[in-house]
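Report on the following structure.
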Amino acid sequence: MIKNIALSALFLIAAATSSSAAVVLSGNFETGAPTPTLTFQEDIVFKITATASASFLVFVEWTVTDGSQNFVADVPDQSLVYSIDGLGSVVALTRLADNFNSIFNDASPNDGHLLFADIPVVTNEVFVIAAGTYTFASNGSFNPLLLNRVFTGEVFLANGGGIRLSDNVTVPEPSGFLLLSLASLSLLRRHR
């Protein structure tokens with residue numbers, strides 16, 4: 001039995017080391033080489049809490065503000081893939097901001113955000129941002145703390161005024177999943 005648990009644990013560790021956190025910034029947003037990208041490695045699911053138009057995804061406390069809010073434009077012709085209550089759609093991306101640099105209703109100075117064209121949402125809808133990778137231009141003033149960064153933390157949808165429209169969703173860290181899997185496996189084995 002201990003041999004089975006050990007083999008199962010090794011399998012889970014191997015699986016976890018090949019996976020990554022759900023949101024990854026890669027490339028160099030300051031110089032553009034290598035090409036800057038933002039990747040959602042897993043779908044992010046929200047429950048809508050207010051009827052309005054969603055305009056951006058807020059990354060809660062994803063960096064320490066560098067004293068100014070800077071943007072990088074997306075590469076033209078990219079669309080954010082999303083669904084509302086299972087109906088898929090796309091919307092034009094506009095830009096990625098390194099941090100707000102001031103309190104903006106429900107957003108703090110250290111929050112970053114991804115802007116997109118307005119999406120009408122209604123209370124109690126399930127809103128899903130699909131896994132995918134988006135490419136951006138560069139900006140020499142982009143916060144250097146965000147270079148090649150894995151983001152784990154909370155995200156929420158907001159309207160153009162920075163008012164929260166969804167619940168907070170925690171972007172998982174792979175090690176947390178691994179620990180939960182190992183604990184669950186141990187309990188199941190012990191229960192038998």
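The values are calculated or read from the model by the stated rules, or taken from the named source; none is laboratory data. Not measured: the values here are computed from a predicted model. Positions of Cβ are backbone-derived with ideal geometry, glycine not excepted, and every protein chain shown enters the neighbour counts.
Assorted remarks:
- Inter-residue pairs, beta-carbon under 8 Å, first buried (at least 18 other Cβ atoms within 10 Å of the Cβ) and in segment 92-120, second of a type in the set (G, A, S) and assigned to a loop (DSSP other than H, G, I, E, B), 6+ apart: F100/S108; F100/G162; N101/G67; N101/S68; A107/G162
- Test: residue in segment 59-71 that is touching a Lys or Arg at 6+ places or on another chain (Cβ under 7 Å) and at pLDDT 85 or above: yes
- Here I84 meets the list (1) modelled with pLDDT under 85; (2) crowded, with 17+ Cβ neighbours inside 10 Å; (3) closer than 22 Å to A117 by Cβ almost entirely, failing just condition (1).
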